[in-house]
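What follows is one structure encoded as structure tokens, with my remarks underneath.
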Amino acid sequence: MSGSHRRHAFTDDALGDLDATGVAAAIAAGDISSAEAVAAAIARAEAVNPHLNAVQTPDYDRATAFARSPGTGVFAGVPTVIKDNTDVAGLASNQGSLAVNATPAKRNAAVTDQYLSTGLISLGKSTMPEFGFNASTEYEDLPPTRNPWDTEFSAGASSGGSAALVAAGVVPIAHANDGGGSIRIPAAACGLVGLKMTRGRELPDAHAKDMPVNLVSNGALTRSVRDTAHFAAQIERYRPAPSLRPIGLVEGPSPKRLRIGVVNRSLSEFPVDEATRAAVAETARRLADLGHDVREIGLPLPERDLTRFKDDFIHLWGLLAFGVQKFGSRVMSPDFDGDRTESLTRGLSSQFLRNAWRTPTALWRLRAAEAKYHNSFADLDAMVSPVVAHTTPELGYLSPANGFDVLFPRLIAYVAFTPLNNAAGGPAISLPLGRTATGMPLGVQISADHGDERTLLELAWELEVDRPFARIQDPVSEGA
């Protein structure tokens, strides 16, 4: 990959190439001010967003005002963005859809307050695909969000705008949420760290009470393990989860050697491509060289269970789309226009209606996935797998403009690993551990048992220390 399609905003300003922890430390030391950090982030956004289309709703004036008197927290005064499906007082949450014409929210969502308890200052809303249903931030009638590593490629989804802005250096950390891979998939596409926490670790999503299975976890996308570790610790301090093991602040690798299983097959009938398989194998080799007990396990659950799981998750996906179509004016906006939804939303809804009779059994089995997932860690501490089944596609491949009949099979073949953790509620982290032949990032997923984010963060630290993650601002080498 030549550098001609690479777009980032790293420059010699107040933010430099610091991560969020570094920016916060510089502000605390008086080396820079929060006002300077926010001004630099706004300038960076204005420089690269015309190329990336990752800012949904700018809120620069309010961010500038907040930066004059920043709050407290581990990231006090550091700029960030909030995903467009999460309420921020004074801004509309349009869910990435032209069908929604939301009025500005009267108050922050509870998860927004928890996220901002870190001291972060929001520059506004980031882009997402319609209702978060797609794995690429693309639209039928709007320009796509582009990957800063190569603007001809997808930035992933559904937290694609947040991922693009962090990867491009506009902000060092951004809000994201994950209902089927929406933190981990854009992290893999954009070379970031993306932790999906255990169900119940953070405050519930605003729509969790309306979901028959609570799939959604809120979190952050970062460029460093230490930022993700500090974020997780702050979330826990804001509201401890008494039913889960504490995480605490993870500040480095653990000396404990672990039993790690390697998933070497797709969770669906679709194959894993060679580059992705090679990245997983290389990660397994590195972990073995670091002294861990690494073994291949084939699949995390019995094949029959996984076949049913795929069908059941697709059914739930359709149920959620049907709910949007039928109740959008109640839960999204009084001006919701179902005729303006995209082909993916309409197709999922229609597919659900044809098979509505399956709903009780599908939901029962999805809820049962929690116990089966837990049991899969009976003699393991962690599992290594792909994040997705093949490398990040070029823009257009996962566009809803293709129509449902073309797009949906492609989605199923791509999103073959992440949904299990959502239905089962288990934690998983995507790490930028591989590269494609053209220099694009390639993520690897590590999963752990419920409540064991600490193990994931310790392993992530160890892998980052062993071999620092590739940086978008580094010179492009020959052939890449």
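Residue-level check: of (1) charged (D, E, K, R); (2) more than 19 Å from Glu394 (Cβ to Cβ); (3) surrounded by fewer than 24 Cβ atoms within 10 Å (Cβ to Cβ), Glu152 misses just (2). The residue that is nearest to the chain's Cα centre (by Cα), counting only those in the stretch 419-438 that are at pLDDT 95 or above and part of a loop (DSSP other than H, G, I, E, B), is Pro427.
Being of a type outside the set (D, E, K, R), in a loop (DSSP other than H, G, I, E, B), at pLDDT 95 or above and out of contact with any Ser or Thr (no Cβ under 8 Å at 6 or more places or on another chain) is true of Leu142. When we screen Arg354, Arg365 for residues that are in contact with a Phe, Trp or Tyr (Cβ under 9 Å, 6 or more places away or on another chain) and under 25 Å from Ala321 (Cβ atoms), the only hit is Arg365. Counting only helices (runs of 4 or more DSSP H) that sit completely within the stretch 259-357, those holding 3 or more residues that are surrounded by 15 or more Cβ atoms within 10 Å (Cβ to Cβ) and in contact with a strand residue (DSSP E or B) (Cβ under 6 Å, 6 or more places away or on another chain) correspond to 274-289. Among the conditions (1) small (Gly, Ala, Ser); (2) under 26 Å from Asp13 (Cβ atoms); (3) outside any strand (DSSP E or B), Gly181 misses just one, which is (2). If the condition is being of a type in the set (D, E, K, R) and more than 19 Å from Arg44 (Cα to Cα), then the stretch 127-181 contributes Glu130, Glu138, Glu140, Asp141, Glu152, Asp178.
Gly156 meets the conditions (1) of a type outside the set (A, V, I, L, M); (2) assigned to a loop (DSSP other than H, G, I, E, B); (3) without any contact (Cβ under 8 Å) to a residue 60 or more places away in the chain in every case but one. The failed one is (3).
Just one residue in the set Arg199, Arg184 is in contact with an Asp or Glu (Cβ under 7 Å, 6 or more places away or on another chain), of a type outside the set (S, T, N, Q), crowded, with 24+ Cβ neighbours inside 10 Å and in contact (Cβ under 8 Å) with a residue 24 or more places away in the chain; that residue is Arg184. Taking the criterion of being under 23 Å from Ile247 (Cα atoms), touching a strand residue (DSSP E or B) at 6+ places or on another chain (Cβ under 6 Å) and crowded, with 20+ Cβ neighbours inside 10 Å, would at least one residue in the stretch 405-421 satisfy it? Within the stretch 405-421 (the criterion being under 23 Å from Ile247 (Cα atoms), touching a strand residue (DSSP E or B) at 6+ places or on another chain (Cβ under 6 Å) and crowded, with 20+ Cβ neighbours inside 10 Å), the answer is yes, since at least one residue qualifies. Of the residues making up the stretch 116-139, those that are in a strand (DSSP E or B) and not polar (S, T, N, Q) are Ile121, Leu123, Gly124, Lys125. Checking each residue of the stretch 44-52 against the condition of being surrounded by fewer than 24 Cβ atoms within 10 Å (Cβ to Cβ), at pLDDT 95 or above, closer than 30 Å to Glu236 by Cβ and among the polar types (S, T, N, Q) gives no match.
The values are calculated or read from the model by the stated rules, or taken from the named source; none is laboratory data. Owing to the predicted nature of the structure, the values given are computational and were not obtained by experimental measurement. Positions of Cβ are generated from backbone atoms using ideal geometry, with glycine treated the same way; all protein chains shown enter the neighbour counts.
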